1. Measure off 7 Å from each Cα along the Cα-to-Cβ vector at B:MET208 and B:VAL422, then give the distance between these two points in nanometres to one decimal.
2. Around B:THR87, which amide H atoms from residues at least 5 apart in sequence, or from another chain, sit under 5 Å from its own amide H, with H modelled in the peptide plane?
3. About the Cα centre of chain B, what is the dipole size in debye to 20, counting +1 per Lys and Arg Cβ and -1 per Asp and Glu Cβ, all else neutral?
4. Got a sec? Which residues in segment A:80-123 would a label at A:CYS135 touch, if it sits 7 Å along Cα→Cβ and we count backbone N under 14 Å?
5. Karplus couplings for segment B:17-24 from phi (6.51 cos²θ - 1.76 cosθ + 1.60, θ = phi - 60°), rounded to Hz, Gly and Pro as x?
6. What does the charge add up to near B:MET113, with Lys and Arg as +1, Asp and Glu as -1, over the other residues with Cβ less than 13 Å from its Cβ?
7. When DSSP beta bridges are limited to those with both residues in chain A, what percentage is antiparallel, rounded to the nearest 5?
8. Compute the helix-to-body angle for B:260-280: its Cα long axis versus the longest principal axis of chain B, expressed 0 to 90° and rounded to tens.
Amino acid sequence: MKRLTINKQILQDELNVELVGAIDEDADFKELGGLEQKNISFDFEKITMINSCGIREWIKFLETISDKSNIVYRNCPQIIIEQINMVHGFFRKGASIESFYAPYFCENCNKENKVHLKSEQVKNRKAPKMECQTCGEDMDFDAIEAQYFSFLGKV
Amino acid sequence: MNDFTSFDHLFDPVVVINLKQEMVYFNNQASIFFKLPPRVLKSKSNLIQISDSADFDIEAWFSKSLLSFDVQISPEIRLHLPHDPETEYFIIMKLIPVQTNSGANFAVVFHDMTVEKTLHMKYREQLEELKKTHAQILQADKLTTLGELTANISHEINNPLTIAAGHSEIMRDYLTVPNVSEKIPQLQKANQTVLESLERVNQIIKNMKDFLHQSEDQKEYCNLSTLIDSAIEWVQPAAKKANVVIEKQFNDSSVALVNRIKIEQVIINLIKNSVDAISEAGIKDGHVKVSLTKCDKDQQTYIDVKDNGPGMPENIKQNLFKPFQSTKDAGSGTGLGLSICSKIVESHKGRLELIESENGCTFRIKLPLIEVYSYTRNDPSLTRNMKLKRVLVLDNEVQILNVLNAFLSEEDLVFIGSSDPVDALSFLQKANIDLVVADFSMPVMNGSEFSTKARESGYSGPILYMTSSKFIEQFNKDKKNLDISGLLIKPFSKEDVMKTIHAALKPRED
């Protein structure tokens, strides 16, 4: 059963693709086949699940995109960042990650937060200081920095 | 300080526990796998707090496994995460002892099989669906064939009904005359004609019902010439309408082990295709010849359907047996016929081929000889259990072969049927047969002649005769001269047959 929805928005030479749902063995990227727009962005914000079969389908699909296209990944949730860090080819050479979500924890509120970050905010693979929006206290980065931000070395 | 950081390089999640099952280390993959940040994982004392299984006692398995300092592998486990109820994994755990400065520790490596398991389940479901769809396609093709023939079949039914009605009127008229006793012979003749006509109607309807019945893959010993006659009968009305003559040429009287309805469906399809091709080409003296031949060299029986139609262009030939290839106009014919015919013949370990396509077409159905097919069909049971006894039964009557096949199949015996003594002798030399049961009075060779040749060729196993009581004297002679082990007197019961066979199969006391 298909569990992935693909929403496309074409603006002249720019294509914005929103992916919604699960990237798994049933994921079908045929409708995006042979993309040749100059700038292509993929918004992963609404991706809820990804598995090894889905990764395979994604990598196969990336190979069909013209080398001349600029690819940008946006709003990558933690599950996507984890795959980018682990799987060779999930993130194509020359592509960029514009923004993503990083896990933080507020000890004061005892609450986990997924904070939206832009790649340029991360220097030397160190998590930027973030304040809790509820209590204003500094939050702790809730993963291992060297591992979580290792993708920035690939970009 | 213990250094387990080398586990960080692994793709699998790894948790290190001590003898008290306390977690002392976990790699980054473990944090991702258990969907818990390192901060939370550090605060948990053991694995049971972060994972659970409804059908496997993880704690008990650890307790037992930690007693021996050996690598242990768990069965496949369905794992849940108490903090994330929507997550379910299928995993295998590997427990690896790791000796450190602080004593014995164990690395628990989680091998995640979830994707593999999911794909396998999907594959099985889709395979079942495909099988059902295939069965529906087969049935649909049958219905299509029946639909195409029905218009002509109703004509066939009308003929005998008209005859029966006519002769019933004759009988009615005879019964009203004063000296009716003088008309008895005519009345009897008219009555007989009525009965034969109604029997003909009954047979046509029975054939239709048999044909439509969703048959399982049940095979039986069948006389191929009878089967071909039946198939020709189906197509005869359509052929007559198209002025096509159907001839038959039986060079051999072959018995085959087939699903009668399915092979009949194949022959009907082939003949009908020929008739249609001739009709569409406007050929005036159209004819179709169906022939039956045995090829000893190939150990096969051939059924050829040859026509004098327009032949077949090269571009059609290439994809001939693929589904949805049709030479007919859209809307007439599904194009499934030859694809299905090919699959049916293959399911009998045979082959459907186009052997001539320029001056008309000749299609050939190749079927293995029944001795070979009976033997190879039983192969899985033979390889499973080499103690199963192989019984070769030789009789030219298919009903006897089918009855004995049914009897022996209920016991742990492998039944190999044969209707031709020459084929049976040839087969005896190639295969290991534990017992031969031979009909005594066969047209080509009687039981004595067969047994003599079998002994001369080196067969030393037991032989039983099947016959009527008038050949008992011959049996007594052969018992001594040809070492015949026993006699089955027709008609026989299942009990008699099995008792005699088991007695013959008992090892002899020298």
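The values are calculated or read from the model by the stated rules, or taken from the named source; none is laboratory data. What you are looking at is a predicted structure, and each value in this text was computed from that prediction instead of being measured. Note: ideal-geometry Cβ built from the backbone for every residue, glycine included; neighbour counts use all protein chains shown. Each accessible area value is taken on the protein alone, full model and side chains, heavy atoms only, with ligands, DNA and RNA left out. Shrake-Rupley method; radii C 1.70, N 1.55, O 1.52, S 1.80 Å.
1. 4.3 nm
2. B:LEU81
3. 300 debye
4. A:105-113
5. 10, 9, 5, 8, 6, 7, 7, 10
6. Counting the neighbours of B:MET113, the net charge comes to -2.
7. Percent antiparallel among DSSP bridges in chain A is about 55.
8. With rounding to tens, the tilt is 70 degrees.
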